[in-house]
1. What list do you get for T276, T55, T188 if you sort them by fewest beta carbons within 10 Å?
2. What distance in nm separates the simple spin-label points at K98 and A137, each placed 7 Å from Cα in the Cβ direction?
3. With labels modelled as points extended 7 Å from the Cα through the Cβ direction, what inter-label distance (nm, one decimal) is found for K19 paired with S58?
4. Kindly identify the stretch 34-260 as rounded, prolate or oblate by the Cα gyration tensor criterion: order the square roots of the eigenvalues as a ≥ b ≥ c, call it rounded if a/c is under 1.5, otherwise compare a/b with b/c, prolate if a/b is larger, else oblate.
5. For an R0 of 45 angstrom, estimate the FRET efficiency from the Cβ-Cβ distance between E200 and N3 and round to the nearest 0.05.
6. May I ask you to compute the full-extension gain from V27 to E173, defined as 0.36 nm times their residue separation minus their alpha-carbon distance, rounded to one decimal in nm?
7. What order, most packed first, do the peptides 138-145, 196-203, 73-80 have when packing is the mean number of other Cβ atoms within 10 Å of each residue?
8. What fraction of the DSSP beta bridges in the stretch 34-260 is antiparallel, stated in percent and rounded to the nearest 5?
Amino acid sequence: MPNLKDIKNRIQSVENTKKITKAMKMVAAAKVKRAETTVKSARPFSDELLSLFKTMLSKVDISVSEGVTPERAIDNYNLLLTPREIKTRGLLVMTSNKGLAGAYNANIIRAVNKEIDDNSAQGYGTILYVVGMKGSAAFKHLKGAARVAKTYTSVVDNPTAGAADMIAQDMAEDYAIGVIDDIKIITTHFNNMMSYSLTEQQLLPVNLDDVEAKELDPLMEFEPSPNSVLQAIVPMYLSNTIYQALLEASASELASRMTAMSAASNNAEEMITNLTINYNKARQAAITQELVEIVSGANAAKG
């Protein structure tokens with residue numbers, strides 16, 4: 001016979017867990033609404049900037065650098081935009097700081113591991129730039145030609161343009177000195193409150209086939225020169241692309257956590273119902289057993 005006290009303690013434990021998951025669901029739901037608004041309002045600017053950047057890139061000779069004096073690696077557009085032989089690939093990986101977000105982090109980590117294996121099969125090394133504690137923990141024991149160069153844990157909960165600029169400068173520095181020859185972002189795209197999709201985006205060298213270039217106005221003039229304008233747009237393109245990826249990842253994580261906590265709360269409710277039924281059955285069996293013992297004792301006394 002099940003122990004009534006154990007069942008009651010189990011019900012109390014599940015009820016406490018349900019309170020936690022329900023609270024986490026409400027917090028995630030409140031945050032994901034703001035994140036959704038932010039990410040959707042940022043997309044038009046990102047799309048237009050990408051289109052303008054690729055339009056200029058298709059029209060301007062990047063080998064010309066008259067009047068251009070780069071002070072930072074991220075300003076050296078000639079070096080950043082010129083394709084070269086790939087020996088080591090750089091991956092910017094977006095994960096979260098916290099768990100309890102369903103399969104969000106597991107999906108990203110699985111995709112990164114596959115990318116590392118593919119690179120290794122082609123003879124390429126892989127250097128990771130990891131956003132989030134979960135990714136940092138997952139990849140800290142990498143072996144072979146793959147390693148983590150830098151981790152960023154303070155930018156996850158509150159993505160900012162400044163944080164994106166910092167990451168862009170770090171990666172541009174490594175790209176410029178030849179530590180990496182290629183940069184790809186592995187992140188998620190926020191679809192809606194209930195879903196997200198895993199995405200891989202080529203950051204450097206730029207793939208001109210991704211976005212259709214627009215025709216420039218023949219009367220448009222660039223001051224002081226087209227190359228100077230391009231030099232200003234390249235850092236903006238890199239930083240904004242990373243910033244948009246951070247926003248998409250943050251919204252996707254919150255949506256995944258809200259869905260996971262909703263499912264956990266429903267499962268807890270179902271478990272409480274089943275445990276309550278078992279408790280009532282056990283209590284009824286105990287009462288019946290006591291009645292049987294009383295009646296048996298009374299009959300024995302009469303006999």
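1. On the way: T276 13, T55 17, T188 25.
In order of increasing Cβ crowding within 10 Å: T276, T55, T188.
2. 1.4 nm
3. Going by the 7 Å Cα→Cβ label model, 6.0 nm.
4. Oblate is the answer for the stretch 34-260, as a/c is 1.5 or above yet b/c matches or exceeds a/b.
5. Details: r = 53 Å, r/R0 = 1.18.
With R0 = 45 Å, the Cβ-Cβ based efficiency is 0.25.
6. Working: separation 146, 0.36 × 146 = 52.56 nm, distance 3.82 nm.
In short, 48.7 nm is gained.
7. Numbers: 138-145: 13.6, 196-203: 16.2, 73-80: 20.1.
The peptides rank, most packed first, as 73-80, 196-203, 138-145.
8. On the way: 9 of 26 bridges.
Bridges in the stretch 34-260 are about 35 percent antiparallel.
Throughout, read-outs are computed from the coordinates displayed, never taken from laboratory work. Nothing here was measured: the structure is a model prediction, and the numbers come from that model. Note that we place each Cβ from the backbone using ideal geometry, even for glycine, and neighbour counts take in every protein chain shown.
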